[in-house]
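The values are calculated or read from the model by the stated rules, or taken from the named source; none is laboratory data. On a predicted model such as this, the values are computed, not experimentally measured, just so you know. Note that each Cβ is placed from the backbone with ideal geometry, even for glycine, and that neighbours are counted across all protein chains shown.
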Amino acid sequence: MKLRNIYTCFPGGKHKVLTLSYDDGKIADRRLVSIFNEYGLKGTFNVNSDLYDYPCTEPYDPRIPLSEFKELYKGHEVACHTAQHPTIARCPKEQMVLQVIEDRRKLEEALGYTVRGLAYPNGSFDDNVVDALKACGIVHARTVHSTLGFSMPTDFLRWNPTCSHRNEALERLSKEFSELHKTQYLYMMYVWGHSYEFEKDGNWNIIEKFAKDMGGHEDIWYATNIEIVDYMDAASRIQVSVNGDFAFNPNAISVWLEVDGKHVELKPGVVTEL
C-alpha cells in the first residue's frame, strides 16, 4: 500500500487564516467595522454589556448601545468581555461566573445568536477563570500575550494573538504572512487592539493600510474567532479510511483536505472518494 499525504485545510483549500479582535465596544468600532467590510476582513468584537452609564471623559469614550449591535456587527462576531470589565482573576469564583454569564445573556438577547467567545478584561486570567469560562459555555478566549508568530493555538481558551496593531512589528509581520507559501502548514495571523486607540493616537492610517494590504488575498481565509474554532472542531471529526481512499464528514459544514497536493471538499453528511 502506498501511503498518501493528507492534510487538513481551511475552507477552499487555503492554508492561511487572518482574524482580528477588538475590545470594549466604543463608538470608534463604527469606523473600524466599515474598514473591515470595505476590504473583506473579519473581526471578533469583545464588549461589556453593563457599562453604558460609565462616565466619559474623552470624545472617544462613549460605548455603542446594545440596540445597534445586531446591525453594526453583522458578518462579524460579538463576544463577551465580562459585564463590567473587572480584573477577573482577583474575583471570587461566583463573581467570575456572574460577570461572564450575565454578559453573555444580555448580548444574546440583543443579537439573537449564542455568544461563545471572550477576551480577558485587563488581560487577567488564571486556571480558575478558565474553569469558569468552561462552565459558562465559552469556547475561546483571547489573551494579551503576543507571539509575533503565525502558529495555530494549542488551547483556544488561552489564545495568544500574533500582535497588537500598536506593535511596531505589524508591517513586517504582515509582509511575512503574505509571503508564506509552504502549504504543509496551517498559518494564522491574529491582530488585536481597541478601536478608540486609533482616535487617541491619531493613526487610523495604520489599520487602513493594513486592511488594504491584507485584504483580497486568494490564499487567505478571512474568519472570525468563532469560525476558526468551529471549523477546526469540525475538521477534528473527519473520518478517513486507513487506505486514505475515502473520508466521511459527519458535520453540518464542509471540511477541506489536501490529498497528494490536490484539494478535496468533504461535503457534510456524506462519504467522499479521495
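Take the conditions of a type in the set (Asp, Glu), under 24 Å from Cys136 (Cα atoms), in contact with a strand residue (DSSP E or B) (Cβ under 6 Å, 6 or more places away or on another chain) and assigned by TED's automatic domain parsing to the domain that holds Thr224 and apply them to Glu94. Does it pass? In short, no. Taking the stated definitions as given, is Asp103 among the acidic types (Asp, Glu) and either in contact (Cβ under 8 Å) with a residue 60 or more places away in the chain or under 30 Å from Tyr185 (Cβ atoms) (or both)? So Asp103 does not fit the description; no. Could you go through segment 107-116 and let me know if any residue there is outside the structural domain of Glu258 (by TED's automatic domain parsing), crowded, with 16+ Cβ neighbours inside 10 Å and touching a Gly at 6+ places or on another chain (Cβ under 9 Å). Looking for residues that are outside the structural domain of Glu258 (by TED's automatic domain parsing), crowded, with 16+ Cβ neighbours inside 10 Å and touching a Gly at 6+ places or on another chain (Cβ under 9 Å), one finds at least one in segment 107-116, hence yes. Just one of the listed residues (Val97, Val78, Val139, Val129) is within 28 Å of Phe198 (Cβ to Cβ) and either buried (at least 23 other Cβ atoms within 10 Å of the Cβ) or not polar (S, T, N, Q) (or both), namely Val78.
Residue count for segment 30-86 satisfying the condition of being among the β-branched types (Val, Ile, Thr) and over 20 Å from Leu20 (Cα atoms): 1.
When Glu179 is tested against (1) modelled with pLDDT of 95 or more; (2) within 20 Å of the chain's Cα centre (by Cα), only condition (2) is not met. Highlighted here are the strands (runs of 3 or more DSSP E) found entirely within segment 1-75 that include at least 3 residues which are within 20 Å of Asn225 (Cα to Cα) and touching a residue at least 60 places away in the same chain (Cβ under 8 Å): 16-23, 43-47.
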